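Laboratory data are not the source of any read-out in this text; all were calculated from the coordinates shown. Note that this is a predicted model, so its numbers are computed, not measured. Don't worry about glycine lacking a Cβ; one is built from the backbone with ideal geometry, like all the others, and counts go over all protein chains shown.
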Amino acid sequence: MSTSIVRSALFVPGSRPERFAKALASGADAVIVDFEDAVEEPLKVQAREHLAQFLEQQPSARTWVRINAAEHSEHVADLDFCTRHPGVVGILLPKVESAAQVARVAATGKWVWPIIESARGLLALAEIARADGVQRLSFGGLDLALDLNLSSGSAAAQFALDQARLALILHSRAAGLLAPLDGVHPGIDDLEGLAASIRHAYAMGFAGALCIHPRQVPVIHQALAPSPEELAWARRVVAGGRTGVGAYQVDGQMVDAPVLLRAQRLLSLA
């Protein structure tokens, strides 16, 4: 798994240990073992036991964990588990609504990805984004739509969710965080819709997206991949920058520091 660039972050249920290795071999940039929504209440403890056993058997494996929310009865036990296991590199905190909730998770010494999925979370974005331990924000669009009583699939709902996405981008940038990840696309067989939603989120400034099935991983990567023409342009821009000149021309267009940075980002995605 890549730790520097995360285009795809794949959820795998903590109650399905037979899928852990498959998820890690899927090509996803990050794998998230889910202790929250994907695990039924009676299986929460067992999910931790499954991951503990897997990490003991595969000491080189590195995963993220989506723990249960701050008010859940298993929250503290989840935090203790993540603290004790070096194979857990970071924690997704669902339903986050305050910096204090983030601080408790950051005390584990792991990176935190808060998931913004409520009106209260949106209103507390400034303090959440600047909380110690936060590496990047992530977007829970499905839960946010429910919380805001949006009409799913409507143009109005898309407009409202895009305003929330913009808020994540602005606060991520202001706090010096990595670019956020968009929420999951629920239609596993709707690969065209997934590609379109990924391109939309990327155009808004998102780095990639959370996903729920290995089939979605290559679709996300392909949707984010620069075209051959874009790569050729980026290589010309970067090559021109090696001259040490502050501003120069490529294809008749002026190149300065922001343009050079965009070219470098395109090459990194390749």
Hand me the trypsin sites (Lys or Arg not before Pro) from segment 169-269 located in a DSSP loop with no more than 15 other Cβ atoms within 10 Å, in residue order please.
ARG215, ARG242
In degrees rounded to 10, the 0-90 angle between helix 228-241 Cα long axis and the longest Cα principal axis of the chain is 70 degrees
Counting only DSSP loop positions in segment 3-59, the GluC sites (Glu not before Pro) whose Cβ has at most 15 other Cβ atoms within 10 Å are GLU40
Most fluctuating residue given options THR63, THR83, THR243, as computed from a GNM of the chain linking Cα atoms under 10 Å
THR243
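Report the GluC sites (Glu not before Pro) located in segment 71-145 that are in a DSSP loop and have at most 16 other Cβ atoms inside 10 Å of their Cβ, or state none. Walk me through the numbers on the way to the answer.
Details: sites: GLU71, GLU74, GLU97, GLU117, GLU127; in loops: GLU71, GLU74, GLU97, GLU117.
Counting only loop positions with at most 16 other Cβ atoms within 10 Å, the GluC sites (Glu not before Pro) in segment 71-145 are GLU71.
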Give, as ranges by residue number, the residues of segment 195-218 whose backbone N falls under 12 Å from the point 7 Å along Cα→Cβ of LEU261.
none
Tilt, helix 257-269 to longest principal axis of the chain (alpha-carbon atoms), in degrees rounded to tens, equals 50 degrees
Charge dipole magnitude, Cβ of K and R +1, D and E -1 - segment 1-49, Cα centre, debye nearest 20
220 debye
Can you tell which of PRO258, PRO13, PRO114 shows the greatest fluctuation in a Gaussian network model of the chain with Cα springs below 10 Å?
PRO258
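What order do you get for LEU267, LEU260 when you list them from fewest to most C-beta neighbours inside 10 Å?
Values: LEU267 15, LEU260 18.
Ranked by crowding around the Cβ, least crowded first: LEU267, LEU260.
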Based on alpha-carbon centroids, what's the gap between segment 161-217 and segment 224-241 in Å, whole number please?
23 Å
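If r is the Cβ-Cβ distance from ARG173 to ARG62 and R0 is 41 Å, what FRET efficiency results, to the nearest 0.05? Please list the in-between numbers first.
Working: r = 27 Å, r/R0 = 0.66.
Once the sixth-power term is evaluated, E becomes 0.90.
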Can you tell me the relative contact order of segment 79-155? Whole percent, Cα pairs under 8 Å, sequence separation 6 or more.
29 percent
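Got the relative contact order for the chain handy, in percent, Cα pairs under 8 Å and 6 or more residues apart?
Working: 480 pairs, mean separation 38.9, N = 270.
Result for the chain is 14 percent.
Using DSSP, restrict attention to beta bridges with both residues in the chain and report what percent are antiparallel, rounded to the nearest 5.
Numbers: 3 of 29 bridges.
Roughly 10 percent of the beta bridges in the chain run antiparallel, per DSSP.
What value, in deg cm²/dmol to 500, does the helix sum -39500 (n - 2.57) over DSSP H runs of n ≥ 4 give at 222 nm once divided by the residues of the chain? If you can, show how the numbers build up before the last one.
Values: 12 runs with 125 residues, N = 270.
Calculated at 222 nm, the ellipticity per residue is -14000 deg cm²/dmol.
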Determine which lysines satisfy two conditions relative to LYS95: a Cα distance under 19 Å, and not lying fewer than 8 residues away in the same chain.
LYS44, LYS110
Which of ILE115, ILE212 has the fewest Cβ neighbours within 10 Å, and the rest in rising order
ILE212, ILE115
Within a Gaussian network of the chain (alpha carbon springs, distance under 10 Å), most fluctuating of GLY193, GLY121, GLY90:
GLY193
Tilt relative to the chain, helix 75-84 - C-alpha long axis, 0 to 90 degrees, to 10:
70 degrees
Just want to confirm a number: the relative contact order over segment 125-178, from Cα pairs under 8 angstrom separated by 6+ residues, in percent.
55 percent
